[in-house]
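These notes concern the structure reproduced below.
The values are calculated or read from the model by the stated rules, or taken from the named source; none is laboratory data. Note that the structure is predicted; figures quoted are calculated from it, not measured. We place every Cβ from the backbone using ideal geometry, glycine too, and count neighbours over all the protein chains shown.
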Amino acid sequence: MRAYRASSIRNIAVVGHGGSGKTTLVDALAFASGTTRRHGSIAEGTTLTDTAPEEVERGYSINLGCAHAEWAGTKINLLDTPGFLDFQGDAIAGLAAADGALCVISATAGIEVGTERMFREALTRGDPVLFVVSMMDKEHADFDAIYRRIRSTLTTKVIPIEVPVGSGADFHGVVNLFDGVAHVYTAGGRSGGYTETAVPEEVRPQFDRYHAELIETIASTDDELLERYLNGGEISRDEAIAAMREAVKRLELFPLFCVSATLGYGTRAVLSTIVELMPSAYEMEEVHAFTGAEGAATVQIHADDAAPFSALVIKTQSEPHVGEVSIFRILSGSVASGDEVFNATRDVGEKLNHLAAPQGRERVEVPRLHAGDIGCVARLRNTHTNDTLSTRAHPVRLPQVQYPEPLVEMAIFATNRADEEKLQAGLHRLHDEDPTLQTRYNVETHETILAGMGERHLEIALAKLRRKCGVAAELRRPRIAYRETIRVRAEGQGRHKKQSGGRGQFGDCWVRIAPADRGQVIQFADQFVGGAIPSKFIPAVEKGIHEAAERGVLAGFPLVDFTVELYDGSYHTVDSNEMSFRMAGIQAFRTIAPKCKPVLLEPLDEVEIVTPEESLGDVLGDLSARRGHILGTETAEGAPGTRVRAVVPQSELHLYASALQSMTHGRALFRRHFSGYEEMPNDAAQKVVEEAGMR
């Protein structure tokens, strides 16, 4: 593979809903360009970018896949992104590394939630978008219907630049609206070969209508062309292409294609249009990065070979017999195989041996990669996803990919207790590969919590743990970290006396326990006068009360938000010691706390939901059924729908993200954060107490 400079590089994220044909299209584009010799298929598990066993077995993308095509003197880096929302972290990483997007829409399924989500994500990032209607050879394929649906659902700025000849089993060609030339494909072939003909009569009315719409739309983006168009003048193909390229870059137009990636029909036109209409890596906007490890100042980064080297690691993946492979996007400068670079994120040096361009599971070794390109390297010592590689002379830290917060949590444990250490190591390894997969240890419930974007996400994590780390693990519903507190004040005695021959044990204390404000630490004070208990034993009483409070009164949960007054007691000059008074403190708590009308406190989360208007009633009703308190609703900014804020008990939010997506057909956005503790209703509290008694 020859070297490509930034002006001859296109970085394209292929996005869309799961099952829309993204992976098959990437495979077909690489095959049509000649950078891969085999046209794979999902059914056979031989596609270029779905290489993980979990992907082959299930038939859909789970990880970000990277490939490239060489076309018309240009290198096109294709970032194949997962379509299902459980794996949207990798889709967002793909968009972050790209300068434009191919938004793939199934000709039969139409616009689905993944299509909407990723199109809007691309717009938020300022990425130009080309729409591709895939699967035109499938039954019930309808190009016109998809076009109308895009206009009504996504954007009115979409414009076809080609129309299909036939559809379904009869799909056998495309007509380019700029040239007025039909590409008629040979039946039975998968190489994308075609014969050029005049516009077939059966599509002439459709061609005339869309051609007029195309020229008028392009003219409206340029004042000079618009004036000429209104005066009846001609607009040449080169002028139309140049105007459209600028409009695409400004997000004023979104071209629309049609293909059958399985048959290879229309793929060469897509490659040509990417080269003609999409911005090069050199045209990317400047990135503002922090200089130095501490980020004391900012510097502008541009895709220029003459600038100091800087690159962002967008993906880390583990491969058998190879180890970790780091995939990175070069933002500035160039790098040669064997160069020493500096990881400014972790303040360590790295050597880039066997520098390569990723091509699915293969890596094409190259002597050098230039600004704007995407490369990979194996076995870096201490480099992970979102790290910045730069130089020691000019260290910078690039803006990191902002991954979505996990939505679903489950407790995870090794089936074999002897594998607990391997489980923890495996979970860290999975997080390196997929930052949306997060783990933490809950010290109150003594559980390891695995958090991800959905139930399917967590199931895949278990499969990866088994395959990559040899650890069998199970998931279960996490325990809720309830707490206990008291309502009224009470007092009493704690007395510990033990005689077993010889020196005995004796401790005696009188204690008052009273409620405190929510969220306060346990406050301890001694109120007696005259040394009823030597001062050296007072800390032991406090320690005993704290120890007993950790085990609670009602259901074994920590008792919090109370004050303690030690106001009297007695001791024995021989038998009293710290252990005796610690036991007296425990006994005092056990005697007094049940008299203080203890109650359960439950943790609450504040949730924020952006839901389509038609699902608002269902969402509000469901929150009420979950004992949620609605804080308010308002029109959402930056996303279509209504924003709902509510406070809901954590115990009612288990797998809520899945239920919400079901209610809203996957179109709701959801996030949550801890709000605080609140007294639990009696009926709900009683169930918790009964369950605790059964353990």
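Some points to look at:
- Scanning region 471-487 for residues that are over 30 Å from ALA588 (Cα atoms) and touching a Lys or Arg at 6+ places or on another chain (Cβ under 7 Å), we see that the one that is surrounded by the most Cβ atoms within 10 Å (Cβ to Cβ) is VAL471.
- Selection from region 409-463 of residues that are of a type in the set (Asp, Glu) and closer than 22 Å to ILE92 by Cα: GLU409, ASP432, GLU433, ASP434, GLU455, GLU459
- Members of region 644-674 that are assigned to a strand (DSSP E or B) and either at pLDDT below 95 or within 21 Å of the chain's Cα centre (by Cα) (or both): LEU669, PHE670, ARG671, ARG672, HIS673, PHE674
- Cβ-Cβ under 7 Å pairs, at least 6 apart or on other chains, region 408-430 side among the β-branched types (Val, Ile, Thr), far side assigned to a helix (DSSP H, G or I): VAL408/GLU455; VAL408/LEU458; VAL408/ALA657; VAL408/SER658
- Annotation: of all residues in region 341-396 being without any contact (Cβ under 8 Å) to a residue 40 or more places away in the chain and of a type in the set (Asp, Glu), the one that is nearest to GLY34 (Cα to Cα) is GLU362.
- Positions within region 10-59 being more than 23 Å from CYS376 (Cβ to Cβ), assigned to a loop (DSSP other than H, G, I, E, B) and not aliphatic (A, V, I, L, M), in sequence order: HIS17, GLY18, GLY19, SER20, GLY21, HIS39, SER41, GLU44, GLY59
- Qualifying residue in region 433-445 (condition: in contact with a Ser or Thr (Cβ under 9 Å, 6 or more places away or on another chain), under 22 Å from ALA311 (Cα atoms) and of a type in the set (Asp, Glu)): yes
- Residue within region 488-503 that is in the same structural domain as ASN416 (by TED's automatic domain parsing), assigned to a loop (DSSP other than H, G, I, E, B), surrounded by fewer than 21 Cβ atoms within 10 Å (Cβ to Cβ) and not aliphatic (A, V, I, L, M) present: no
- Sole exception among (1) closer than 23 Å to GLY180 by Cβ; (2) touching a strand residue (DSSP E or B) at 6+ places or on another chain (Cβ under 8 Å); (3) surrounded by 19 or more Cβ atoms within 10 Å (Cβ to Cβ); (4) small (Gly, Ala, Ser) for ALA243, by number: (2)
- Scanning region 369-390 for residues that are under 20 Å from ALA281 (Cα atoms) and either assigned by TED's automatic domain parsing to the domain that holds LEU79 or of a type outside the set (Gly, Ala, Ser) (or both) returns LEU369, HIS370, ASP373, ILE374, CYS376, ASN386, THR388, LEU389.
- The residue that is nearest to the chain's Cα centre (by Cα), among those in region 552-570 that are closer than 16 Å to ILE533 by Cα and surrounded by fewer than 20 Cβ atoms within 10 Å (Cβ to Cβ), is GLU565.
- Unique residue being assigned to a strand (DSSP E or B) and touching a Gly at 6+ places or on another chain (Cβ under 9 Å) when the list is ALA91, ALA182: ALA182
- Any chance ALA371 is assigned to a loop (DSSP other than H, G, I, E, B) and either farther than 30 Å from SER7 by Cβ or not hydroxyl-bearing (Ser, Thr, Tyr) (or both): yes
- Selection from region 198-220 of residues that are surrounded by fewer than 15 Cβ atoms within 10 Å (Cβ to Cβ) and either more than 30 Å from GLU246 (Cα to Cα) or of a type in the set (A, V, I, L, M, F, W, C) (or both): ALA198, GLU201, GLU202, ALA212
- Among residues that are surrounded by 13 or more Cβ atoms within 10 Å (Cβ to Cβ) and either in contact with a Ser or Thr (Cβ under 7 Å, 6 or more places away or on another chain) or in contact (Cβ under 8 Å) with a residue 60 or more places away in the chain (or both), LEU256 is included.
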